[in-house]
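What follows is calculated from the coordinates using simple rules that are stated; it is not laboratory data. Predicted, not measured: the structure shown is a model, and the values here were computed from it. Quick reminder, even Gly has a Cβ in these numbers, built from the backbone with ideal geometry, and neighbours come from all protein chains shown.
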Amino acid sequence: MTIILLLAISFAASFVGTLAGSGGLIGMPSLLLIGPPIHQVIGSVKFPNVFFFF
C-alpha cells in the first residue's frame, strides 16, 4: 500500500512541478509524513520527471 501511495504522490507532485514549478513543495512534505528515508523521497519525486519531458 505504501508503494502505491508513494507512486501516486510522486506522479502528482511531478505533474504539478512540470506545470507550475512547485512540485517539490507538495511532494516532499507529503512523502516525508509517510515516513520513508530521505533518499527514497528525493528519488520518487525526481524519477517521474523523466517521463514528462518526452
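Taking the average, over residues, of other Cβ atoms within 10 Å as the packing measure, peptides 28-38, 4-14 rank 4-14, 28-38 from highest down.
Spin-label model, Phe47/Thr2: points 7 Å from Cα along the beta carbon direction are separated by 1.4 nm.
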